[in-house]
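The values are calculated or read from the model by the stated rules, or taken from the named source; none is laboratory data. Please read these numbers as outputs of a predicted model, since none were measured by experiment. Note: ideal-geometry Cβ built from the backbone for every residue, glycine included; neighbour counts use all protein chains shown. Calculation scope for accessible area: heavy atoms of the full protein, side chains included, ligands and nucleic acids excluded. Shrake-Rupley method; radii C 1.70, N 1.55, O 1.52, S 1.80 Å.
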Amino acid sequence: MVAKGTKQARRNRGLEKMRLDLNELMAIYPEQIWIDISPESREKAWQQTQNQSYSNAASRWNAYLNCLCLNAFTRWIKEEPDLQETLKVWPNDASLPSFWDVVNGTKLTLGETGLVLIPSDKSAFLEFRIPQEWVDIPSWAGHYYLAANLNLEAGWMRVWGYATHEKIKQEGRCGNLDRTYVLDPEDLIADINVMWVARELFPAKKLAVEPLPTLSKEQTEKILEQLSQQIDYSPRLDLSFEQWASIVGNDSSRQQLYQLRLAKQNIAPSLPKATNLSLWFQNIFEAGWQSVDTILGTRRQTLAFGFRTDAALNDVSVKGLKLIDLGMDLKGNAVMLLVGLTPEVDEKINIRVQLYPASGETYLPPNLKLGLLSQSGVTLQEVESRSQDNYIQLKRFKSPAAGGFSIQVALGDVSIKEDFVLSSEVS
């Protein structure tokens, strides 16, 4: 048996080593913000989010990261002697779950200045990703956007720098696939002191953001009912941005959506609508799906989504892509499901299915499964990712022009199934 004192001594040495590493990092990058995150502060954030209501595991994990980031940043602000104004959560603390249930990020106000915190727990900071809502919804937009990286294993938070709203609009690459503005690390201003000086010299001005369309009561009710049917992921990509932003940008309808999603927790979800692949040959893609050729036809999309295509895809007639988020098991990371279709002379459709990493990652997470299911739910084939797979794919298969099948993406106990049908009018 190891004495209790010995265990505590080892723990103290481990904490001292961690703090030494943090001190070294602070010495190397003194202009950036470095905040120690103790086990106690992690436990506090975890309990805070456990005491709140969220519609699914992915939303709760997102809330935990945002809560941890918010607590650390507000604690750091309070210790800044030169800041006289009080930092406030926008619009208020009670509203945070309705935001975090569907989107990443938190807005704060410091006097007349709006600050938007965007946390990430990725091991490598390759790009700053800002959900479009925080930039293009007038009431959500902030003057400054801070990139916060949480290293949960080492126990610290790093604010890499910030970008202004104007910088994001001018130089950010906004991808239609996941509706996220992307900036490279070198586009950020690392020295936060520059931001404080700018606040003093240039008072906060009204941001130039296009107004959103106004939805009728009937439109709002119809959309809320549609969005509340699926609670295992954020429905932010299930509508056009204008419709989605009009819903969540309104305090009343956002709270309604939040409550409806919570109410569905104990109700079996309705059967999802199958994606009609026949429409793809007419260049019609249903909600959530995008034409790969359209994405690659835009240079900024190529930069934002540089997934690999192999020679086998060159002969594919139509290719569609969808972002898949498995939530907490992927720690907020997403993967991209690619489906390619080629008509054959025997009136069958040749189908190729691949899975790629998203959000700037190089490799898929290990043990991620991609499976083909029959219409009755029988697994016909399955492939599993290894530690350094750039992508995985199913063996090419054929489906009758009037047939159907399902593709399942799974990690651990979490899985998402996409159903597909083909009509007989495929040309």
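Values for this structure:
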read-out: Within segment 198-249, tally of residues that are in contact with a strand residue (DSSP E or B) (Cβ under 9 Å, 6 or more places away or on another chain), in a helix (DSSP H, G or I) and aliphatic (A, V, I, L, M); value: 2
read-out: Set Leu323, Leu355, Leu380, Leu337: member being open to solvent by 20 Å² or more (accessible area, probe 1.4 Å), closer than 22 Å to Arg236 by Cα and at pLDDT 75 or above; value: Leu323
read-out: Count of residues meeting criterion [in a helix (DSSP H, G or I), aliphatic (A, V, I, L, M) and modelled with pLDDT under 80] in segment 261-302; value: 2
read-out: Condition met for Gln256 (open to solvent by 30 Å² or more (accessible area, probe 1.4 Å), in contact with a helix residue (DSSP H, G or I) (Cβ under 6 Å, 6 or more places away or on another chain), assigned to a helix (DSSP H, G or I) and without any contact (Cβ under 8 Å) to a residue 40 or more places away in the chain); value: yes
read-out: Test: residue in segment 67-90 that is touching a residue at least 12 places away in the same chain (Cβ under 8 Å) and in contact with an Asp or Glu (Cβ under 7 Å, 6 or more places away or on another chain); value: no
read-out: Exclusive hit being in contact (Cβ under 8 Å) with a residue 40 or more places away in the chain, outside any loop (DSSP other than H, G, I, E, B) and not small (Gly, Ala, Ser), set Asn350, Asn367; value: Asn350
read-out: Failed item, numbered, when Ser139 is tested on (1) open to solvent by 40 Å² or more (accessible area, probe 1.4 Å); (2) within 18 Å of Ile189 (Cα to Cα); (3) modelled with pLDDT of 90 or more; value: (2)
read-out: Pair list, Cβ under 6 Å, 6 or more apart: segment 232-252 residue at pLDDT below 90, other residue not in a loop (DSSP other than H, G, I, E, B); value: Tyr233/Asp325
read-out: Residue within segment 211-226 that is touching a residue at least 60 places away in the same chain (Cβ under 8 Å) and open to solvent by less than 70 Å² (accessible area, probe 1.4 Å) present; value: yes
read-out: Residues of segment 404-427 that turn out to be modelled with pLDDT under 75 and either closer than 19 Å to Pro343 by Cα or in contact with a His (Cβ under 8 Å, 6 or more places away or on another chain) (or both), as a count; value: 5
read-out: Residues of segment 160-193 satisfying the condition of being surrounded by fewer than 17 Cβ atoms within 10 Å (Cβ to Cβ) and assigned to a strand (DSSP E or B); value: Thr164
read-out: So Ile33, is it crowded, with 17+ Cβ neighbours inside 10 Å and either among the hydrophobic types (A, V, I, L, M, F, W, C) or without any contact (Cβ under 8 Å) to a residue 24 or more places away in the chain (or both); value: yes
read-out: Residue check, Glu133 buried (at least 22 other Cβ atoms within 10 Å of the Cβ) and in contact (Cβ under 8 Å) with a residue 12 or more places away in the chain; value: yes
read-out: Of all residues making up segment 104-118, the number that are open to solvent by 10 Å² or more (accessible area, probe 1.4 Å) and either closer than 26 Å to Gly155 by Cβ or at pLDDT 95 or above (or both); value: 2
read-out: Criterion: at pLDDT 80 or above, in contact with a Leu (Cβ under 9 Å, 6 or more places away or on another chain) and open to solvent by less than 80 Å² (accessible area, probe 1.4 Å) - qualifying residue of Gly360, Gly371; value: Gly371
read-out: Answer residue from segment 386-403, given it is farther than 27 Å from Tyr363 by Cα and open to solvent by less than 50 Å² (accessible area, probe 1.4 Å) and is modelled with the lowest pLDDT among those; value: Ala401
read-out: Test: Leu207 is within 21 Å of Glu112 (Cβ to Cβ) and either buried (at least 18 other Cβ atoms within 10 Å of the Cβ) or modelled with pLDDT of 85 or more (or both); value: yes
